[in-house]
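The values are calculated or read from the model by the stated rules, or taken from the named source; none is laboratory data. Remember, predicted model here, so these are calculated numbers, not experimental data. As a convention, Cβ positions derive from the backbone with ideal geometry for all residues, glycine included, and neighbour counts pool all protein chains shown. With ligands, DNA and RNA removed, areas are computed over all heavy atoms of the protein, side chains included. Shrake-Rupley method; radii C 1.70, N 1.55, O 1.52, S 1.80 Å.
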Amino acid sequence: MSSMIGIDLGTTNSCVAVLEGEKPVIIPNAEGNRTTPSVVAFTKTGERLIGDLAKRQAVTNAKGTVSSIKREMGTDSRLELGGRRRTPQEISAMILQKLKSDAEAYLGQPVTDAVITVPAYFNDAQRQATKDAGRIAGLNVRRIINEPTAAALAYGLDHGESQKIMVYDLGGGTFDVSIIEIGEGVIEVLSTCGDNHLGGDDFDQRLTNYLVSEFKQQTKYNAAKDPAALQRIREAAEKAKKELSTATSTVVNLPFLAQARSGPLHMDITVTRTQFERLTRDLVERTTMPVQTALNDAGISVSQLGKVLLVGGSTRIPAVQEHVRSLVGMMPCKGLNPDECVALGAAVQGGTLGGAMTASSDRREILLLDVTPLSLSIETVGGVATRLISRNSTLPVRYSQIFTTAANFQANVEIHVLQGERPMARDNKSIGKFKLTGIKRAPRGVPQIEVTFDLDANGILKVSARDLGTGRAQEIVISSNSNLSEEEIRDAIRDAEEYAQTDSRRKAAMEARNEAEMLAVRVKEALRVCDRELERQDRNQIKNDLANLERQLHKYRPEKTEPDAAPELQSATRQLKNSAAVLMQLYESRQREP
């Protein structure tokens with residue numbers, strides 16, 4: 001039986017592991033290293049290079065080399081590479097092909113199945129793009145799991161009594177924090193939060209900018225405009241960052257970096273750990289809010305944490321470790337290799353899915369309960385984002401809700417799928433649209449349309465809509481051309497917190513308008529049917545109250561509704577409800593008559 005591999009497809013480096021004798025082991029690449037740089041290059045002769053070979057030639061072939069492609073996953077960007085424009089999925093697939101080939105050489109047999117990890121804060125489009133990359137690489141992606149969850153799997157269940165742990169995952173391009181409860185045979189994710197555009201690359205860039213600036217001051221030469229020189233400085237910055245994790249200072253020495261009229265220019269700059277920490281202090285501070293949000297969403301305090309696991313190479317930075325300690329009041333655990341534990345956990349999950357565990361194995365019966373990072377909604381009348389699945393819901397999850405039409409004799413409806421935490425559709429990110437056609441013609445409010453959100457174990461969303469009257473149905477799988485940008489994801493929850501009061505008033509105003517519109521329609525229809533059964537005084541009062549409500553509705557158009565509109569609308573609605581109570585009872589009894 002073919003082995004199922006676990007892959008950590010990283011921004012800076014990738015890693016592959018497999019289960020051997022019920023124990024996960026790292027598979028070394030063809031060059032003998034335990035991790036593979038996530039770098040792809042095409043030479044001038046058309047040769048494709050991946051991993052270490054691609055990284056080595058990046059200085060002399062900067063334009064033909066691509067790194068950190070993971071940050072582009074789920075977008076519609078195209079990169080010129082190897083003579084044609086390529087999608088992020090295609091480039092990622094090349095890295096996966098390299099990992100697959102190394103695994104096959106190590107195992108001595110073909111590999112077809114894999115578990116691939118993604119940042120916990122990856123959206124639906126990014127997850128689908130990762131799955132597509134696996135398919136392009138010839139892999140059957142059995143499961144997409146979150147990187148912090150994979151780290152928890154690597155940490156395992158054999159650490160004494162049940163406990164809640166925090167996984168602080170600062171990788172090359174993304175940051176995630178997850179609160180995870182480990183119990184008897186269960187690993188349950190309680191909450192997750194993060195930043196899809198924060199990682200080691202950003203620390204490297206700060207140091208690169210500093211070196212470029214210092215070099216310009218010393219020599220008057222702008223290395224930022226010299227691709228080859230800039231690539232050498234980037235590599236030196238990454239190396240210096242790593243050295244400063246163990247040393248208090250390091251020297252960046254790049255002979256013959258550039259050529260000026262006066263002769264060759266050499267870089268010789270000393271960087272201290274203090275300087276590096278000053279340059280990157282705000283990056284470290286940016287991890288504070290996601291940590292606090294994850295704890296709040298899980299409903300626990302730092303005193304209830306039994307352990308903090310550090311994942312991702314960037315957690316080796318002393319300032320990061322000290323920041324974590326100050327946030328949670330304990331020293332983080334360093335028992336896991338931050339570069340390898342995610343791939344090891346993916347291999348454990350692969351072994352569980354592939355049946356590689358024996359009946360006596362402690363890991364055979366692990367129940368893995370992951371969560372979705374952001375809320376999912378559809379747009380309803382007035383631009384309200386009606387939430388169907390809340391963030392941090394346990395996967396897989398399926399939820400249905402009945403909606404109706406907003407206009408008379410409406411033959412089709414557009415289902416607009418949103419992702420984010422704001423109550424109004426315009427403040428969230430659109431991730432997909434489709435139309436349900438052939439709805440039976442009827443007055444508004446009569447048709448019943450069932451909308452179902454189906455979020456699978458991979459965190460990939462399928463949305464379907466069905467007209468219960470005709471049985472007609474339509475569905476969409478959210479794909480990579482409909483996605484959240486990294487910045488918008490990062491801002492979604494923060495915006496919701498900052499503007500919570502304004503959002504609440506605006507949503508109340510829109511809901512008040514929707515309720516008022518439906519009431520006006522029902523009262524008009526009831527008057528038409530039961531007009532003669534009312535006393536003149538009652539009939540006149542209802543008509544006056546109806547006219548007042550319609551004036552309020554005319555005053556507050558859907559596209560111009562202000563937060564302060566709700567009280568006036570609600571007052572007019574209550575007045576009409578009270579005066580029309582007898583009328584509506586008469587109408588409803590008439591409707592029940594055979």
Checklist entry - How would SER571, SER38, SER245 rank on accessible area, largest to smallest, probe 1.4 Å? => result SER571, SER245, SER38
Checklist entry - Pairs LYS440/LYS577; LYS98/LYS131; LYS220/LYS241; LYS44/LYS100; LYS63/LYS216: which exceed 18 Å Cα-Cα? => result LYS440/LYS577; LYS220/LYS241; LYS44/LYS100; LYS63/LYS216
Checklist entry - Excluding ligands and nucleic acids, what accessible area in Å² is computed for HIS554 using a 1.4 Å probe, to the nearest 10? => result 120 Å²
Item to check | 0 to 90° range, to nearest 10: angle between helix 500-530 axis and the chain longest Cα axis | outcome: 30 degrees
Checklist entry - Could you state the number of Å between the C-alpha centres of region 390-420 and region 263-298? => result 41 Å
Checklist entry - Relative to the first principal axis of the alpha-carbon coordinates of the chain, what is the inclination of helix 227-243, with its axis defined by its Cα atoms, in degrees from 0 to 90 and to the nearest 10? => result 90 degrees
Checklist entry - Of the peptides 324-333, 85-94, how do they stack up when ordered by the mean number of other Cβ atoms within 10 Å, highest first? => result 85-94, 324-333
Checklist outcome for this item: Diffing region 322-334: the Karplus 3J(HN,Hα) column from phi (6.51, -1.76, 1.60, θ = phi - 60°), in whole Hz with x for Gly and Pro, holds 5, 5, 4, 4, 5, 6, 10, x, 8, 6, x, 6, 10
Checklist entry - When volume of the Cα convex hull per residue in Å³ is calculated directly from the model, which label among [x] 227; [y] 156; [z] 201 fits? => result [z]
Checklist entry - Which net charge results when you count Lys and Arg as +1 and Asp and Glu as -1 among the other residues whose beta-carbon is under 13 Å from that of ALA137? => result -1
Checklist entry - Once phi is turned into θ = phi - 60°, what whole-Hz ³J(HN,Hα) does the Karplus curve with 6.51, -1.76 and 1.60 give for every residue of region 80-88, x standing for Gly and Pro? => result 6, 8, x, x, 8, 7, 10, 7, x
Checklist entry - Taking K and R as +1 and D and E as -1, what net charge do the other residues with C-beta under 15 Å from the C-beta of ASN29 add up to? => result -2
Next on the checklist: Rounded to whole Å, give me the distance from the Cα center of region 74-148 to that of region 224-261.
Outcome noted: 31 Å
Checklist entry - Quick one: net charge of ALA105's neighbours, Cβ under 12 Å, K/R +1, D/E -1? => result -1
Checklist outcome for this item: In the chain the DSSP beta bridges are antiparallel at a rate, in percent to nearest 5, of 80 percent
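Within region 97-255, what percent of beta bridges assigned by DSSP are antiparallel, to the nearest 5?
Within region 97-255, antiparallel bridges account for around 75 percent of the total.
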Next on the checklist: If amide hydrogens are placed 1.01 Å from N in the peptide plane, which non-local residues have theirs closer than 5 Å to the one on MET267?
Outcome noted: LEU254, PHE256, LEU257
Checklist outcome for this item: A correct Karplus calculation of ³J(HN,Hα) over region 440-451, with 6.51 cos²θ - 1.76 cosθ + 1.60, θ = phi - 60°, whole Hz and x for Gly and Pro, returns 4, 5, 6, x, 4, x, 8, x, 10, 10, 8, 9
Item to check | the chain: angle of helix 341-354 to the longest principal axis, Cα-based, in degrees nearest 10 | outcome: 60 degrees
Checklist entry - Put +1 on the Cβ of each Lys and Arg and -1 on the Cβ of each Asp and Glu in region 1-100; which of ASN13, SER67, ALA30 then has its Cα farthest toward the positive end of the dipole? => result SER67
Checklist entry - Based solely on its DSSP helices, what 222 nm [θ] is calculated for the chain when runs of n ≥ 4 H residues each add -39,500 (n - 2.57) and the sum is averaged over all residues, nearest 500 deg cm²/dmol? => result -12500 deg cm²/dmol
Checklist entry - How would you order 303-310, 76-83, 168-175 from highest to lowest mean count of nearby Cβ atoms within 10 Å? => result 168-175, 303-310, 76-83
